[in-house]
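Student: One structure, as structure tokens, below. Some questions next.
A short reminder: the numbers here are calculations on the coordinates, not readings from a lab. It should be emphasised that the depicted structure is a prediction, and the values quoted were computed from it without experimental measurement. All Cβ positions, glycine included, derive from the backbone under ideal geometry; neighbour counts span all protein chains shown.
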Amino acid sequence: MAAEFASAMSSARDLINAHLYPVLATFSVIYFAIQLAPVAQQARHFNRCVNGIEAHLKASNIPLEYRMGNVAIPERICNGGFDH
């Protein structure tokens, strides 16, 4: 009886190791990807903003090297913290 119970527990443990862990790992990767998507979208938006501002500054013949403090103008404008 005890041997049958131990065999059943071993079988259940093997079943868990074979199926549950890969499923949990898959869900973990999917959850991480879902959490990372908004950060990637924000980075794309910021890069598009910086590129647009730099193009505008070039078209207006304003040097891109012009800086205020430690942050260049396009980064300040896109971060929403530009003061004259």
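Student: Could you tell me the calculated FRET efficiency between residue 33 and residue 13, based on Cβ-Cβ distance and R0 = 22 angstrom, to the nearest 0.05?
Tutor: Working: r = 30 Å, r/R0 = 1.36.
With R0 = 22 Å, the Cβ-Cβ based efficiency is 0.15.
Student: Could you work out how far apart the two model spin labels at residue 41 and residue 55 are, taking each label as a point 7 Å from the Cα in the direction of the beta carbon, and quote it in nm?
Tutor: According to this spin-label approximation, the distance is 2.3 nm.
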